[in-house]
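Each value in this text was obtained by applying a stated rule to the coordinates, not by laboratory testing. Fair warning: this is a prediction, and the values are worked out from it, not measured in the lab. Note that we place each Cβ from the backbone using ideal geometry, even for glycine, and neighbour counts take in every protein chain shown.
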Amino acid sequence: MNLKGRLDDPAEFENIVVKVDGTNGGRITRIRDIGRVELGAQTYSESFNLDSRPAAGIGISLLPNANAIAVADQVKAKMEELAKSFPAGLTYVTPYDTTTFVRAAIERGLCDAD
């Protein structure tokens, strides 16, 4: 048996067999039949500093049809709610907000809010 040690192409993951139905003529169900495959970062292990101090970072990724402004507003509201129960001395900041440009463009009438 020859096995590849590491899968590195989405098609290789799509072809992984999840189930073989013995009662239905040996019908094979593969990952591609029940889901979508994407390759993400090689590692999600990171060391994060903010203003030269240890910190924890959270990245928010949007789905293709998501409204960036609505998501940003919801995340901000949730963080404000969660911050009320943070231990003393713990704070949060948003050092990078991708909606800053979008909001400015909407205010200047350069694009629609929809």
So how do 50-56, 16-22 stack up, highest first, on mean other-Cβ count within 10 Å?
16-22, 50-56
Loop-only check: which GluC sites (Glu not before Pro) in region 1-75 are DSSP coil with at most 10 other Cβ within 10 angstrom?
Glu38, Glu46
Can you tell me how much longer the chain between Leu82 and Thr23 gets when fully stretched, taken as 0.36 nm per residue apart minus their C-alpha distance, in nm with one decimal?
16.2 nm
D (µm²/s, integer) via Stokes-Einstein for the chain, Kirkwood Rh across alpha-carbon pairs, 10 °C, 1.306 mPa s: value 82
Quick shape check on region 59-107: root eigenvalues a ≥ b ≥ c of the Cα gyration tensor, a/c under 1.5 is rounded, otherwise prolate if a/b tops b/c, else oblate, and it reads prolate
Contact order relative to length of the chain, as percent, for alpha carbon pairs under 8 angstrom and 6 or more apart:
13
For the chain, calculated [θ]222 nm from helices alone, where every DSSP H run of n ≥ 4 adds -39500 (n - 2.57)
-8000 deg cm²/dmol
